[in-house]
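Below: one structure, written as structure tokens.
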């Protein structure tokens, strides 16, 4: 389940999670994993879990984002007036699957590049 959290943070909404897991063999640098069954895990499942266990995690949930240290100093974004193909090229060159779209004056946008 924890492996899904990074995917969820990048815009993936659902993941198949093995009910039981065993590693069959190493194929190159990747492991071949198999399971007798899989279950769909969604972002809503994670939120429901957090809500159902809120008394157990109240200490964390009552902290601010700053207190948790979860503020990202560098956030890459594209301006709303950037052409779609330019945005896709920038995202691809930066190996990003998703970026926020922001309102930015055209004067701050000089070349097809991500805003940091």
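The values are calculated or read from the model by the stated rules, or taken from the named source; none is laboratory data. What you see is a predicted model, and the numbers here were worked out from it, not measured in a lab. A quick note on method: Cβ atoms are made from the backbone with ideal geometry, for glycine too, and the neighbour counts reach across all protein chains shown.
A few comments on the model shown:
- Boolean, residue 73 is under 24 Å from residue 101 (Cβ atoms), out of contact with any helix residue (DSSP H, G or I) (no Cβ under 9 Å at 6 or more places or on another chain) and either in the same structural domain as residue 19 (by TED's automatic domain parsing) or without any contact (Cβ under 8 Å) to a residue 24 or more places away in the chain (or both): yes
- Condition check for residue 34: modelled with pLDDT under 90 and either surrounded by 13 or more Cβ atoms within 10 Å (Cβ to Cβ) or closer than 23 Å to residue 97 by Cα (or both): no
- Condition met for residue 100 (closer than 20 Å to residue 11 by Cβ, in contact with a strand residue (DSSP E or B) (Cβ under 9 Å, 6 or more places away or on another chain), exposed (fewer than 13 other Cβ atoms within 10 Å of the Cβ) and not assigned by TED's automatic domain parsing to the domain that holds residue 18): yes
- Helices (runs of 4 or more DSSP H) wholly inside the range 36-80 that include at least 2 residues being more than 24 Å from residue 3 (Cβ to Cβ): 58-61, 65-68
Conditions (1) touching a helix residue (DSSP H, G or I) at 6+ places or on another chain (Cβ under 8 Å); (2) over 30 Å from residue 18 (Cα atoms); (3) modelled with pLDDT under 85, marked per residue:
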| residue | (1), (2), (3) |
| --- | --- |
| 38 | no, no, yes |
| 42 | no, no, no |
| 60 | yes, no, no |
| 87 | no, yes, no |
| 110 | no, yes, yes |
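- Residue list for the range 4-18, restricted to those being in contact with a strand residue (DSSP E or B) (Cβ under 8 Å, 6 or more places away or on another chain) and within 23 Å of residue 91 (Cβ to Cβ): 4, 7, 8, 13, 14, 15
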